[in-house]
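**Q** Here it is: the structure, laid out below.
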Amino acid sequence: MRNVIRADIERIIRKPSFLCIIALTLIFLATRKSADVAEEQIEYIKEYFNTLLLFAVSIPVFLSIYSDDIKSGSVISLIGNGLSRKKVILAKLIDVTAVLTAYYSVAYIVALIKNMTAGIAITPKQNLLLLVYTLFCILRGVGFFAVASLIVFVTWSPSGGMTAMLILLVASRMTLLILQQKFTVPIYDYSFDGLLDKSYAKFAVGDFGWHIIPAIVIYIGGAILLTALLFKKKEIDL
């Protein structure tokens, strides 16, 4: 499985389109005019990390890790050569986690350099909380990929997985918030995004954000388990 993961990651980072998107998003982060106040600067970076940055990296990563491999027959070849379906699912999510972690690590370093050179009095605590928030963005991305992976492997349709990914990235948060306000039912609060928001808010005030545990166990773990169970029964031509 390690060889599969290594080969996937090497293939992704060699793609000119992927490198171009990475470079453009990081250049935009580095060159955008800084805010006048530290709080505004940190909030802008957090918003950028959680929206445009995640959207920009998720699409090429999904296409490289899932769409290309299914369309080329690589996944079928791996299974035919004896790699279990469960390991295929895990390998793809490990690929995603590794790429997102590397990408956000570089983005965080760029943000730190920008903060230091902007002449804004940003405290070490604010930079530390930004690091925690960056980790939450990575976790959010992994959760979205876990759901998209479920769609891909169960339906054997990369387009279905891409549709699910786009909905999660673009519309899920806003839709759940609107429904929660309209029906006064805590739909968003107990969603994956809602639990992550609650957890970060706890960490930000120095408490343990225990909401991260059900977010990981129920949503990410549940999606992986369901994918493994359903994909095991999926009939594909080897």
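The values are calculated or read from the model by the stated rules, or taken from the named source; none is laboratory data. These numbers were taken from a predicted model, which means no experiment stands behind them. So basically every Cβ, Gly included, is an ideal-geometry build from the backbone, and we count neighbours across all protein chains shown. The area values use the complete protein model at the heavy-atom level, side chains included, leaving out ligands, DNA and RNA. Shrake-Rupley method; radii C 1.70, N 1.55, O 1.52, S 1.80 Å.
**Q** Please count how many residues of the range 73-101 are open to solvent by less than 10 Å² (accessible area, probe 1.4 Å) and polar (S, T, N, Q).
**A** Summing the residues that are open to solvent by less than 10 Å² (accessible area, probe 1.4 Å) and polar (S, T, N, Q) in the range 73-101 gives 0.
**Q** Return the residues of the range 10-33 that are touching a helix residue (DSSP H, G or I) at 6+ places or on another chain (Cβ under 6 Å) and surrounded by 14 or more Cβ atoms within 10 Å (Cβ to Cβ); say none if nothing qualifies.
**A** Those that are touching a helix residue (DSSP H, G or I) at 6+ places or on another chain (Cβ under 6 Å) and surrounded by 14 or more Cβ atoms within 10 Å (Cβ to Cβ): Ile12, Phe18, Ile21, Thr25, Leu26, Leu29.
**Q** Contact list please: Cβ distance under 6 Å, first residue in the range 37-49 and more than 15 Å from Thr134 (Cα to Cα) and touching a residue at least 60 places away in the same chain (Cβ under 8 Å), second residue hydrophobic (A, V, I, L, M, F, W, C) and open to solvent by 40 Å² or more (accessible area, probe 1.4 Å), pairs at least six apart or on different chains.
**A** Hits for this filter: Ala38/Ala121.
**Q** Restricting the search to the range 68-91, which residues are assigned to a helix (DSSP H, G or I) and at pLDDT 90 or above?
**A** Answer for the range 68-91, where residues must be assigned to a helix (DSSP H, G or I) and at pLDDT 90 or above: Arg85, Lys86, Lys87, Val88, Ile89, Leu90, Ala91.
**Q** When you check Ile178 against the structure, is it free of Cβ contacts under 8 Å to residues at least 24 places away in the same chain, surrounded by 19 or more Cβ atoms within 10 Å (Cβ to Cβ) and more than 23 Å from Tyr104 (Cα to Cα), yes or no?
**A** no
**Q** Another question, then. All but one of (1) of a type in the set (Asp, Glu); (2) under 20 Å from Ile59 (Cβ atoms); (3) without any contact (Cβ under 8 Å) to a residue 24 or more places away in the chain hold for Asp193, so report the exception by its number.
**A** Against the list (1) of a type in the set (Asp, Glu); (2) under 20 Å from Ile59 (Cβ atoms); (3) without any contact (Cβ under 8 Å) to a residue 24 or more places away in the chain, Asp193 comes up short only on (3).
**Q** Spot the failing condition for Met116; the list is (1) within 21 Å of Ala35 (Cα to Cα); (2) open to solvent by less than 50 Å² (accessible area, probe 1.4 Å); (3) at pLDDT below 90; (4) assigned to a helix (DSSP H, G or I), and only one is missed.
**A** With respect to (1) within 21 Å of Ala35 (Cα to Cα); (2) open to solvent by less than 50 Å² (accessible area, probe 1.4 Å); (3) at pLDDT below 90; (4) assigned to a helix (DSSP H, G or I), Met116 is out only on (2).
**Q** Would you confirm whether or not the range 182-197 contains a residue that is out of contact with any helix residue (DSSP H, G or I) (no Cβ under 8 Å at 6 or more places or on another chain), assigned to a helix (DSSP H, G or I) and open to solvent by 80 Å² or more (accessible area, probe 1.4 Å)?
**A** Checked the range 182-197: at least one residue is out of contact with any helix residue (DSSP H, G or I) (no Cβ under 8 Å at 6 or more places or on another chain), assigned to a helix (DSSP H, G or I) and open to solvent by 80 Å² or more (accessible area, probe 1.4 Å).
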